[in-house]
Amino acid sequence: ALLMTEEAVPPAPFEEFVRIVDPAIFGLGLPVVILTRAGVRSRVVTALGGRAQNLTVLERPAPINSIISAVKAAVRVKARQRELARQMERVKDLQQQLSNAMAASELGTFHFTVPLRKISLGAHAPAHFGLPAGSQIDLDQFYALLHPDDRAATRQTLEACLFGEEKYALEFRT
């Protein structure tokens with residue numbers, strides 16, 4: 001983290017300071033704590049505040065414990081942001097792996113929007129139902145497309161899933 005007072009910023013050329021500091025510090029997400037004078041609008045905060053994601057401003061005089069706490073909090077936030085970025089990258093990798101596996105297996109997937117009773121079909125699902133690519137259906141159409149001998153069991157299992165009575169694990173014929 002960077003802890004600085006507003007007076008540490010040269011008054012001129014201020015624009016040059018902002019041009020250098022903005023991408024070097026804020027572009028990298030370095031946590032910054034700026035100590036400003038109480039009751040005075042800070043030119044540094046005004047210039048950098050809109051672009052800074054990890055900016056903490058403390059008015060002076062600030063007790064040392066408040067300053068230490070602000071710096072520690074800024075560092076913790078940055079650590080959480082890095083961890084979240086790593087987790088998001090892992091999710092992206094897993095989504096790609098799942099997408100590759102689904103494409104290779106040609107399994108049909110679908111997403112059911114309960115309140116609307118609409119079913120969004122995945123890439124291979126329309127073919128399994130004898131529908132053209134890109135087709136979307138509602139719940140009644142879904143049941144109508146099932147093999148007649150599988151409709152009642154599928155409806156019962158799906159309704160039980162919607163009410164949290166069991167997990168969706170079902171095979172059916174189309």
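In the chain, what percentage of the DSSP-assigned beta bridges are antiparallel, given to the nearest 5? Antiparallel: roughly 40 percent of the beta bridges in the chain.
Sequentially through the range 109-125, phi angles give Karplus couplings (6.51, -1.76, 1.60; θ = phi - 60°) of 10, 8, 10, 9, 8, 4, x, 8, 6, 9, 10, 8, 8, x, 4, 9, 4 Hz, Gly and Pro residues having no value and appearing as x.
The lysines within cross-link reach of Lys167, meaning a Cα-to-Cα straight distance under 22 Å and a gap of 8 or more places when in the same chain, are Lys118. With θ taken as phi - 60° and the Karplus curve 6.51 cos²θ - 1.76 cosθ + 1.60 applied, the whole-hertz 3J(HN,Hα) list for the range 154-164 is 5, 4, 5, 5, 4, 5, 5, 5, 5, 9, x Hz, x standing for glycine and proline. Take the chain with all the other protein chains still there, run a 1.4 Å probe, and you get 67 Å² of accessible area per residue.
Cross-link partners of Lys92 among lysines, defined as those whose alpha carbon lies under 23 angstrom from its own and excluding same-chain residues fewer than eight positions apart: Lys78.
Taking each DSSP H run with n ≥ 4 as -39500 (n - 2.57) and averaging over every residue of the chain yields -14500 deg cm²/dmol at 222 nm.
Here the gap between Arg60 and Lys92, fully extended at 0.36 nm per residue and compared with their Cα-Cα distance, gives a gain of 7.1 nm. Across the chain, Cα pairs under 8 Å and at least six residues apart give a relative contact order of 13 percent.
At 37 °C and a viscosity of 0.692 mPa s, what translational diffusion coefficient does Stokes-Einstein give for the chain, taking Rh as the Kirkwood radius over Cα pairs? Give it in µm²/s as a whole number. It comes out at roughly 152 µm²/s.
Whole-Hz Karplus values for the range 37-47 come out as 7, 5, x, 10, 5, 7, 5, 5, 5, 4, 6 Hz, taken residue by residue from phi with 6.51 cos²θ - 1.76 cosθ + 1.60 and θ = phi - 60°; glycine and proline positions read x.
The apolar share of the surface of the chain, taken as the fraction of accessible area on carbon and sulfur atoms (1.4 Å probe, ligands and nucleic acids excluded), comes to 58 percent.
The values are calculated or read from the model by the stated rules, or taken from the named source; none is laboratory data. The shown structure was predicted, so the numbers you read here are calculated from the model rather than taken from an experiment. Surface accessibility is based on the protein's heavy atoms, side chains included, excluding ligands, DNA and RNA. Shrake-Rupley method; radii C 1.70, N 1.55, O 1.52, S 1.80 Å.
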